[in-house]
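Colleague: Take a look at the following structure, please.
The values are calculated or read from the model by the stated rules, or taken from the named source; none is laboratory data. Remember, it's a predicted structure, so these values are computed and weren't measured experimentally. Here Cβ is always computed from backbone atoms with ideal geometry, including for glycine, and neighbour counts include all displayed protein chains.
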């Protein structure tokens, strides 16, 4: 079976699982919303200030939400030893990893698609003119987050205190991604929005570097 | 280890000589004067850190490829030593920053990169502490170590792009930059000293990790009531 087809099957399984229970997505959205609301008490949410702090605030909220949301990705395979069953399937370990990455990408992008408009309303920023480039930035940024996050979710699944460990491993690694994502988002939040292509390229570069590393290391990551 | 005492004595002599050279042989710096003399050990710490972390990166890959426990021992040992050297570099940097720049800390690309690296490798050590099974601990921490090492240039590049304007590096910074030849020689002595110091500590730390491993094996053999326990190799190590 090709890697793409195997990954699609894993993706289908993850989506079915989530849309039957809907626990992960709801919790993530509400959690990110809580952060966004709390920030409004920490900063003065006038339009000018929001343009300055908004991108950083949004990405911090998504990074925190993501680092919590990615935890069950591998942890919930453990209660019934279902990861062993997945490993027994005659597919490459990267296919399992890729399927989970894509599922997490879809979950987080869905959460973002709901939260960014809410943020724009709460913080008085008009984003209607930049929907398409903004979507591109969020997809590329979230991709980097889920690539490293899914790998580290598999790492942390075998450790004690994994809920605390995953953010600890993930957030420092994401420092360059945070800078690039905040800068590109800020270029679109400005009064005269113009997509910053250099930073967008950096985001894509981050994704490529870590996707390649995940592909090379997936055999070791998911071994018995 | 018969050679251990002479090597340690030689390293101690080197440390004294490097300290003497930094304080008395190196010429006075034009604007910072005496304060600048911390520079030799500051840069020496970074040289030691980068050497240690590069060794860790190679050891991490070697573990995944060969599965020989010694690469795992080398990996954790060099990360620990690297974190210590990084701490020395950060502290000397902060001490130097206050009188030279008037501030303890600034979010310059190099400072930020080293700080993030410090956090990443401390996370590596925490991760190792939280995984029980030795094989799995070695593999998963090696994967994390490889990711952390790959992240370093990205952190640097992103900060360099982000800050935009920052003072260019003095060494290999451009045609107008460079060191006085006498300063260069003292710097070389300091860099070699710190790296040798790091390597000596690394060798000792490696030996400790190996002894721990043997102890675990012996304990396991004793608990399982094995009739033919492994011969005590620990004796020859000490």
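Colleague: Taking the options B:56, B:52, B:48, B:18, name whichever one is crowded, with 20+ Cβ neighbours inside 10 Å, farther than 22 Å from residue B:117 by Cα and touching a residue at least 60 places away in the same chain (Cβ under 8 Å).
Modeller: B:18
Colleague: Quick one: would you say residue A:100 is surrounded by fewer than 18 Cβ atoms within 10 Å (Cβ to Cβ) and within 26 Å of residue A:223 (Cβ to Cβ)?
Modeller: no
Conditions (1) touching a strand residue (DSSP E or B) at 6+ places or on another chain (Cβ under 9 Å); (2) over 19 Å from residue A:153 (Cα atoms); (3) surrounded by 18 or more Cβ atoms within 10 Å (Cβ to Cβ), marked per residue:
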position	(1), (2), (3)
A:11	no, no, yes
A:32	no, yes, yes
A:38	no, yes, no
A:48	no, yes, no
A:54	no, yes, yes
A:57	no, yes, yes
A:69	no, no, yes
A:87	no, no, no
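Colleague: Further question on the same structure: Read through the list (1) crowded, with 16+ Cβ neighbours inside 10 Å; (2) more than 12 Å from chain B (Cβ to nearest Cβ), then give the number of the only condition that residue A:114 fails.
Modeller: (1)
Yes or no, residue by residue, for (1) facing chain A (nearest Cβ under 9 Å); (2) surrounded by 15 or more Cβ atoms within 10 Å (Cβ to Cβ); (3) within 14 Å of the chain's Cα centre (by Cα); (4) within 22 Å of residue B:204 (Cβ to Cβ):
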residue	(1), (2), (3), (4)
B:65	no, no, no, no
B:72	no, yes, no, yes
B:79	no, yes, yes, yes
B:83	no, yes, yes, yes
B:86	no, yes, yes, yes
B:104	no, no, no, no
B:109	no, yes, no, no
B:120	yes, yes, yes, no
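Colleague: If you don't mind, there's one more thing I want to ask. Taking the condition in a helix (DSSP H, G or I), modelled with pLDDT of 85 or more and surrounded by fewer than 16 Cβ atoms within 10 Å (Cβ to Cβ), does residue A:15 pass?
Modeller: Criteria met by residue A:15.
Colleague: Residues to consider are B:134, B:153, B:167, B:181; find the one that is more than 24 Å from residue B:15 (Cβ to Cβ) and at pLDDT below 80.
Modeller: That would be B:167, the only listed residue that is more than 24 Å from residue B:15 (Cβ to Cβ) and at pLDDT below 80.
Colleague: To continue, here is another question. When the range A:156-194 is examined, which residues are found to be part of a loop (DSSP other than H, G, I, E, B), more than 11 Å from chain B (Cβ to nearest Cβ) and touching a residue at least 24 places away in the same chain (Cβ under 8 Å)? I'd like the intermediate steps shown before the answer.
Modeller: Step one: of the range A:156-194, the residues part of a loop (DSSP other than H, G, I, E, B) are A:157-161, A:174, A:190-194.
Subset that is more than 11 Å from chain B (Cβ to nearest Cβ): A:190-194.
Within the range A:156-194, A:190, A:191, A:193 qualify.
To keep it simple, each residue is scored yes or no on (1) surrounded by fewer than 24 Cβ atoms within 10 Å (Cβ to Cβ); (2) under 27 Å from residue B:129 (Cβ atoms); (3) touching a strand residue (DSSP E or B) at 6+ places or on another chain (Cβ under 8 Å).
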| position | (1), (2), (3) |
| --- | --- |
| A:141 | no, no, no |
| A:147 | no, yes, no |
| A:160 | yes, yes, no |
| A:163 | yes, yes, no |
| A:169 | no, yes, no |
| A:175 | yes, yes, no |
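Colleague: Let me ask something additional. Within the range A:200-221, can you find the residues that are within 10 Å of chain B (Cβ to nearest Cβ), within 23 Å of residue A:89 (Cβ to Cβ) and touching a residue at least 24 places away in the same chain (Cβ under 8 Å)?
Modeller: A:214, A:217, A:218, A:219, A:221
Colleague: For residues that are part of a helix (DSSP H, G or I), touching a helix residue (DSSP H, G or I) at 6+ places or on another chain (Cβ under 7 Å) and facing another protein chain (nearest Cβ under 9 Å), tally how many sit in the range B:129-156. Break it down into steps so the answer makes sense when it comes.
Modeller: Our first condition is that a residue be part of a helix (DSSP H, G or I); within the range B:129-156, this holds for B:129, B:134-156.
Now restrict to residues that are touching a helix residue (DSSP H, G or I) at 6+ places or on another chain (Cβ under 7 Å): B:137-152, B:154-156.
After this cut, where a residue has to be facing another protein chain (nearest Cβ under 9 Å) as well, the list is B:137, B:139-144, B:146-148, B:150-151, B:154-156.
Counting residues in the range B:129-156 that are part of a helix (DSSP H, G or I), touching a helix residue (DSSP H, G or I) at 6+ places or on another chain (Cβ under 7 Å) and facing another protein chain (nearest Cβ under 9 Å) gives 15.
Colleague: Same structure, new question: Please determine whether any residue of the range A:109-119 is at pLDDT 90 or above, within 30 Å of residue A:223 (Cα to Cα) and touching a helix residue (DSSP H, G or I) at 6+ places or on another chain (Cβ under 6 Å).
Modeller: Yes, there is a match, as at least one residue in the range A:109-119 is at pLDDT 90 or above, within 30 Å of residue A:223 (Cα to Cα) and touching a helix residue (DSSP H, G or I) at 6+ places or on another chain (Cβ under 6 Å).
Colleague: Under 26 Å from residue B:160 (Cβ atoms) and part of a helix (DSSP H, G or I) - does that describe any residue in the range A:117-135?
Modeller: Among the residues of the range A:117-135, at least one is under 26 Å from residue B:160 (Cβ atoms) and part of a helix (DSSP H, G or I), which makes the answer yes.
Colleague: Then there's this: Please specify each residue of the range A:76-94 satisfying the condition of being in a helix (DSSP H, G or I) and under 15 Å from residue A:14 (Cβ atoms).
Modeller: If the condition is that a residue be in a helix (DSSP H, G or I) and under 15 Å from residue A:14 (Cβ atoms), then A:82, A:83, A:85, A:86 are the ones that fit.
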